[in-house]
Amino acid sequence: MRRVSALLRCMRPWQYTKNLLVFAALLFAQRLGDPEAVLLSVIAFVLFCMASSAVYLTNDVRDCVEDRAHPEKCHRPIASGDLPVPVATTAAVLLALGAAVGGFAVNLELGAVIVGYLVLQGLYQVILKDVVILDIFAIAGGFVLRAVAGAEAIQVEISPWLLICTLLLALFLGLAKRRGEIVLLDADAANHRLTLRKYSLEMLDQLIPVMAASTLMSYALYTISERTVAEIGSNRLMYTLPFVIYGLFRYVYLIHRHGHGGSPDRTLLTDKPLLINVALYALTAGAIIYLSGGP
């Protein structure tokens, strides 16, 4: 039971919130009332949870030596010795294979997206995580593939603007994550991860506002684009902008005043104002999309 508990912790189920992006296509394509589409989206979500857990296990196996020198990551199951490396490796392989096979069982496109996600994460672990800037793009690419997977699962065309918003938001979170790591590790940051030597707080404090502003503008343009207005039946989606603005501002506030950013999923789950804001955004967006009388 101790090993099972350690394995579950190493799979990081609390980080499955990232995979909720899979449902974006279902929401914005107005398919929430379609039971088959809902089921396929749930399946895609589960498959991505399996794939992401495989990645977390592999990452912890590769980084166990570095993690032992980290003030927080040293408590991870593999780094602490609670979970043997062979058990973690076997579980990672089974989860990755299960996710890929399950994806192809749904349709060829979903299977290809899941395989693409696994390959990208593999490249990140082996090469890209030590390449400045490209490491952030690799992280962001994983979020974009989640959004694409949701669209492919239900066979709908996802808005290019939605993909752009996802990419920019993910870059914003990725930069914030690097900043959080540098602040937490302080002088030891360069010794923990090679790429952290190439970042500085000054550099990140310039890039983070750029990504926040770009995310905001791209979402604003998405809400009033001709395609969005035609699909929804109105331009009322722009009324969700205050929630997006508040969410970005709140996150920047948490980064600078409370040292958050190193773990976006933890911040989302523990900060009540941010949680309430996300819930209000979802309710407002859902009401606008489904009550606007679009085609």
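The values are calculated or read from the model by the stated rules, or taken from the named source; none is laboratory data. Since this is a predicted model, take the numbers as computed values, not measurements. Positions of Cβ are backbone-derived with ideal geometry, glycine not excepted, and every protein chain shown enters the neighbour counts.
Output the residues belonging to the stretch 15-45 that are of a type outside the set (Ser, Thr, Tyr), closer than 30 Å to SER80 by Cβ and crowded, with 16+ Cβ neighbours inside 10 Å. Answer for the stretch 15-45, where residues must be of a type outside the set (Ser, Thr, Tyr), closer than 30 Å to SER80 by Cβ and crowded, with 16+ Cβ neighbours inside 10 Å: GLN15, LYS18, ASN19, PHE45.
Listed conditions (1) crowded, with 16+ Cβ neighbours inside 10 Å; (2) under 15 Å from the mean Cα position of the chain (by Cα); (3) at negative phi; (4) in contact (Cβ under 8 Å) with a residue 40 or more places away in the chain are all met by ARG12, apart from (3). Just the residues that are of a type in the set (Val, Ile, Thr), crowded, with 22+ Cβ neighbours inside 10 Å and either touching a Gly at 6+ places or on another chain (Cβ under 7 Å) or at pLDDT 85 or above (or both), please, taken from the stretch 68-119. Listed by number, the residues that qualify are VAL113, ILE114.
Here are some residues: VAL113, VAL119. Which one is without any contact (Cβ under 8 Å) to a residue 60 or more places away in the chain, among the aliphatic types (A, V, I, L, M), in contact with a Leu (Cβ under 7 Å, 6 or more places away or on another chain) and in a helix (DSSP H, G or I)? It is VAL113.
So, in the stretch 204-216, of the ones that are farther than 15 Å from ALA170 by Cβ and in contact with a helix residue (DSSP H, G or I) (Cβ under 9 Å, 6 or more places away or on another chain), which residue ends up surrounded by the most Cβ atoms within 10 Å (Cβ to Cβ)? Applying the filter and picking the extreme gives LEU204.
Among the conditions (1) modelled with pLDDT under 90; (2) part of a helix (DSSP H, G or I), LEU169 misses just one, which is (1).
Within the stretch 120-134, not a single residue is modelled with pLDDT of 90 or more and of a type in the set (D, E, K, R).
Specify which of the listed residues (VAL132, VAL144) is over 17 Å from ASN59 (Cα atoms), β-branched (Val, Ile, Thr), touching a residue at least 24 places away in the same chain (Cβ under 8 Å) and not in a loop (DSSP other than H, G, I, E, B). Lay out the reasoning, then the answer.
Values: VAL132 fails: not in a loop (DSSP other than H, G, I, E, B).
None of the other options fit; the residue is VAL144.
What's the total number of residues in the stretch 4-24 that are among the hydrophobic types (A, V, I, L, M, F, W, C) and either touching a Phe, Trp or Tyr at 6+ places or on another chain (Cβ under 8 Å) or under 30 Å from VAL156 (Cβ atoms) (or both)?
If we filter the stretch 4-24 for residues that are among the hydrophobic types (A, V, I, L, M, F, W, C), which is where we start, we get 4, 6-8, 10-11, 14, 20-24.
Next, from what is left, pick out any that are either touching a Phe, Trp or Tyr at 6+ places or on another chain (Cβ under 8 Å) or under 30 Å from VAL156 (Cβ atoms) (or both): 10-11, 14, 20-24.
Of the residues in the stretch 4-24, 8 are among the hydrophobic types (A, V, I, L, M, F, W, C) and either touching a Phe, Trp or Tyr at 6+ places or on another chain (Cβ under 8 Å) or under 30 Å from VAL156 (Cβ atoms) (or both).
Can you find, within the stretch 230-240, the residue that is surrounded by the fewest Cβ atoms within 10 Å (Cβ to Cβ) among those that are part of a helix (DSSP H, G or I) and touching a residue at least 24 places away in the same chain (Cβ under 8 Å)?
For the stretch 230-240, the residue satisfying everything is ALA230.
Which residues, taken from the stretch 90-100, are more than 13 Å from VAL55 (Cβ to Cβ) and touching a Leu at 6+ places or on another chain (Cβ under 9 Å)?
Residue satisfying the conditions is GLY98 alone.
Take the stretch 8-43 and flag every residue that is closer than 17 Å to GLU231 by Cα and not in a helix (DSSP H, G or I). Spell out how you get there, then give the answer.
Pass one, the stretch 8-43, residues closer than 17 Å to GLU231 by Cα: 24-34.
Result: ALA29, GLN30, ARG31, LEU32, GLY33, ASP34.
For (1) assigned to a helix (DSSP H, G or I); (2) free of Cβ contacts under 8 Å to residues at least 40 places away in the same chain; (3) under 18 Å from the mean Cα position of the chain (by Cα), each residue gets a yes or a no:
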site	(1), (2), (3)
ALA212	yes, no, yes
MET217	yes, yes, no
TYR222	yes, no, no
THR228	yes, no, no
PHE243	yes, no, no
LEU269	yes, no, yes
PRO273	yes, yes, no
ALA279	yes, yes, yes
TYR290	yes, no, no
